[in-house]
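Chemist: Here you go, one structure.
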Amino acid sequence: MAFNNDIRTIYQKELEGIHTAGIFKEERIICSPQNAEIEVEFPAGASRKRVINMCANNYLGLSSHPDVVEAARKGLDSRGYGMSSVRFICGTQDIHKELETKLTKFLGTEDTILFPSCMDANAGVFEAILSEQDVMISDRLVHASIVDGMRLCKAQTDTFKHSDMGHLEEKLQLHATARVKLIITDGAFSMDGDLAKLEQIVALAEKYGALVFVDDSHASGFIGKTGRGTHEHCGVVGKIDIITTTLGKALGGASGGCVSGRRELVEMCRQKARPYLFSNTIPPVVVSGAIAVLDIIAKTTERRDKLERNTAFWRKGLTEAGLIIKEGETPIVPVMLFNAKLSQDFAKELYQEGIYAVGFFFPVVAKGQARIRTQLSAAHDQHHLDKALAAFTKVGAKFGILRKNKQQIIDQFGM
Amino acid sequence: MSELKNAILDYVKKEYLEEDDEREVDFDTPLISGGIVDSFSMVSLKRFLETKYKIQIPDAKATPEAFDSVNHIIQLLQEFNIQ
């Protein structure tokens, strides 16, 4: 047996190291559909507890919406369970094309190609459209999947300080001679909840002849007046050359992602993007659910409007309670605790109060920037938010951090 | 020599540290292995050196090890008779 004790010990030691560093990740077992309230078994074997979920990407509350579930069920009946194929051999059904067309219309682009996930879209897109003569200039806080995609691409790389337009302009000047210059950013940044300055980025792109790439996974469906995303919010619909986004968050929450944008760039992905070419097609059941999601949000902005109201209430409530949040306007609201252990202890206390939220610390966020990331949903009703706010206030008081500034919290708990 | 070292150190601080970044960076601070300069951003440092000192650093010499501290960079520049 090749996997002998010596080899086993190598991995056991590595896992011990992860434990010792305090960054071992444990899965929480959820025994109910995704919703504003969920039933959780944590730790494994503990009795189940009904808690308010403040950490899902279920922004529009559509993950378990009856119309979506029904559409998925119909899709299962009419188009089957799986396709046993990649897209270009025998894995493309009429509903895949229908979903791509609907996404193109929704995002205001020229064409769209589906991927098994947005992680796959980001992993495949750069290599498919860029070569050694080109340069990718990315914001320093882009999502890990973009970083991986950039690593797989032969184009030159450079970065600009987070949302620093002066620095971006310097980089565009530095790489003036590259064949294609691609500016890469998230639309909404997942850890801080802030939005990219797309209006200024597009202006710089036009000035220096660069293309713009936006990962709008944490914005599609709810940012902008009709929820089309950060480009709608910033008034630059039609000016973003590549948008990647996910069907795994607001847009139904199941799985799947896409590259949407200029026709030729999307076609290059169909010809060359390896995660598209070498992984299975999205199952019909998920495609059918996603089509229903797009139909729901095309009819009414009711859900994104409710999410906006929930976000305003939550941001105001936390601030008035005396907690420090990252300013912004998105439903990603980080409650800043700075100290890693405090973020873990705070989350445990919240759980005791019936609130499910997760503490993040280095290396997920910078050292000394530990936090609890809360995420609002249109599935949250006022009573959920009232209870959650009361719990945050109670736990904040218990740790003595209400109305304390950053330095006072650090003095009390350390970095 | 100290002017050269300070010029590079100043560039590193301006280019790679955020305003609220309180990390101390000196001539021996590990830049790449220490997480201050990531591999994607190294190109700026290379371009800065090439432009300022009018040299061409071949990719084979522009390794993470060669760029891992200001003192390492000084050693690299000495190969190009920059002192």
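Just so you know, all these numbers are worked out from the coordinates, no wet-lab data involved. What you see is a predicted model; the values in this text were computed from it and never measured. Glycine also receives a Cβ, built like all others from the backbone with ideal geometry; neighbour counts cover every protein chain displayed.
Chemist: Provide the FRET efficiency to the nearest 0.05 for the A:V237-A:D94 pair, computing r from the beta carbons and using R0 = 41 Å.
Modeler: Numbers: r = 27 Å, r/R0 = 0.67.
Efficiency at R0 = 41 Å is approximately 0.90.
Chemist: So what is Rg over Rh here for the stretch A:79-127, counting just Cα atoms and using Kirkwood for Rh? Show your work: numbers first, answer last.
Modeler: On the way: Rg = 12.0 Å, Rh = 12.1 Å.
Answer for the stretch A:79-127: 0.99.
Chemist: When chain A is treated as a GNM, springs tying every alpha-carbon pair under 10 Å, which of A:P363, A:P284, A:P331 comes out with the largest mean-square fluctuation?
Modeler: Per the Cα network of chain A with a 10 Å cutoff, A:P363 tops the list.
Chemist: Run the dipole for chain A about the Cα centre, Lys and Arg Cβ at +1, Asp and Glu Cβ at -1, nothing else charged, and hand back the magnitude in debye, nearest 20.
Modeler: Working: 51 positive and 50 negative charges, 111 e Å.
The calculation lands at about 540 debye.
Chemist: Looking at the protein assembly as shown, what % of its DSSP beta bridges pair antiparallel, to the nearest 5?
Modeler: Of those bridges, close to 60 percent are antiparallel.
Chemist: At 20 °C and a viscosity of 1.002 mPa s, what translational diffusion coefficient does Stokes-Einstein give for the stretch A:27-172, taking Rh as the Kirkwood radius over Cα pairs? Give it in µm²/s as a whole number.
Modeler: Values: Rh = 19.4 Å.
Here the translational diffusion coefficient equals 110 µm²/s.
Chemist: Compute the length gained on full extension between A:D381 and A:S131: take 0.36 nm times their separation in residues and subtract their Cα-Cα distance, giving the result in nm to one decimal. All intermediate terms of the calculation are to be shown ahead of the outcome.
Modeler: Details: separation 250, 0.36 × 250 = 90.00 nm, distance 4.91 nm.
Length gained, A:D381 through A:S131: 85.1 nm.
Chemist: Let me ask another. For the stretch B:2-78, what is the charge dipole size about the Cα centre, in debye to the nearest 20, if Lys and Arg each add +1 at the Cβ and Asp and Glu each add -1 at the Cβ?
Modeler: Rounded to the nearest 20 debye, it is 560 debye.
Chemist: If the elastic network links every pair of Cα atoms under 10 Å, which of A:D194, A:D216, A:D158 fluctuates the most in the Gaussian network model of chain A?
Modeler: Highest fluctuation of the listed residues: A:D158.
Chemist: Taking other Cβ within 10 Å of each residue's Cβ, how do A:I7, A:I183, A:I29 sort, fewest first?
Modeler: Working: A:I7 11, A:I183 26, A:I29 14.
Going from sparsest to densest Cβ surroundings: A:I7, A:I29, A:I183.
Chemist: Report the Rg/Rh value for the stretch A:66-299, based on alpha-carbon coordinates and the Kirkwood definition of Rh. Show your work: numbers first, answer last.
Modeler: On the way: Rg = 17.2 Å, Rh = 17.7 Å.
Across the stretch A:66-299, the Cα-based Rg/Rh ratio is 0.97.
Chemist: For the stretch B:2-78, what's the radius of gyration and Dmax over Cα atoms, in angstrom?
Modeler: For the stretch B:2-78, the Cα radius of gyration and maximum Cα-Cα distance read 11.5, 34 Å.
Chemist: Restricting to bridges with both residues inside the stretch A:66-299, how much of the DSSP beta-bridge set is antiparallel, in percent to the nearest 5?
Modeler: Details: 12 of 29 bridges.
Taking every DSSP beta bridge within the stretch A:66-299, about 40 percent pair in antiparallel fashion.
Chemist: Another question about this same structure. Give me the net charge of A:E132's neighbourhood, meaning all other residues with Cβ under 13 Å from the Cβ of A:E132; Lys, Arg count +1, Asp, Glu -1.
Modeler: On the way: positive: A:K154, A:R179; negative: A:E127, A:D134, B:D59.
That works out to -1.
Chemist: At what distance in nm do the modelled label points of A:E206 and A:T301 sit from each other, each positioned 7 Å from its Cα along Cα→Cβ?
Modeler: For the pair A:E206/A:T301, the computed spacing is 2.3 nm.
Chemist: Moving on to the next point. Taking neighbour counts of Cβ atoms within 10 Å as a proxy for exposure, in what order, fewest first, do A:F413, A:F126, A:F24 appear? Provide the component values of the computation, followed by the final result.
Modeler: Details: A:F413 19, A:F126 26, A:F24 11.
Taking fewest neighbouring Cβ atoms as first place, the list is A:F24, A:F413, A:F126.
Chemist: Then there's this: Among the aspartates and glutamates, select those whose C-alpha is under 13 Å from the C-alpha of A:K171, and discard any that sit fewer than 8 residues away in the same chain.
Modeler: A:K171 reaches A:D139, A:D158, B:E15.
Chemist: Can you put A:S64, A:S32 in order of Cβ neighbours within 10 angstrom, beginning with the fewest?
Modeler: Numbers: A:S64 17, A:S32 13.
Listed from fewest to most nearby Cβ atoms, that is A:S32, A:S64.
Chemist: Using modelled backbone amide H atoms (1.01 Å from N, in-plane), which distant-in-sequence or interchain residues come within less than 5 Å of A:V212's amide H?
Modeler: Under 5 Å from the amide H of A:V212: A:I183, A:D241, A:I242.
Chemist: Taking chain A as a Gaussian network, Cα atoms linked when under 10 Å apart, which of A:S260, A:S131, A:S117 shows the biggest mean-square fluctuation?
Modeler: Among A:S260, A:S131, A:S117, the largest GNM mean-square fluctuation belongs to A:S131.
Chemist: Follow-up question, since we're still on this one. Under a Cβ-Cβ cut-off of 13 Å, what is the net charge of the residues other than A:A378 that fall near it, where Lys and Arg count +1 and Asp and Glu count -1?
Modeler: Details: positive: A:K249, A:R303, A:R304, A:K306, A:R309; negative: A:E302, A:D305, A:E308, A:D381.
Around A:A378, the charge tally is +1.
Chemist: What helices does chain B hold that run 20 Å or longer along their axis, going by alpha-carbon atoms, with a Kyte-Doolittle average of -0.5 or more, using DSSP H for the helix calls? Write down the numbers at each step before the final one.
Modeler: Numbers: long enough: B:2-16 (21 Å, -0.73).
Span-like helices in chain B: none at all.
Chemist: So what is the diffusion coefficient of the protein assembly as shown in µm² per second by Stokes-Einstein at 37 °C and 0.692 mPa s, using a Kirkwood Rh over Cα pairs?
Modeler: On the way: Rh = 24.6 Å.
It diffuses with D of about 133 µm²/s by this estimate.
Chemist: Taking the Cα centre of the stretch A:1-71 as the origin, how large is its charge dipole in debye, to the nearest 20, when only Lys and Arg (+1) and Asp and Glu (-1) carry charge on their Cβ atoms?
Modeler: Here the size comes out at about 220 debye.
Chemist: Between A:E39 and B:E19, what is the label-to-label distance in nm when each label sits 7 Å out along the Cα-to-Cβ direction?
Modeler: Computed distance between label sites A:E39 and B:E19 equals 5.1 nm.
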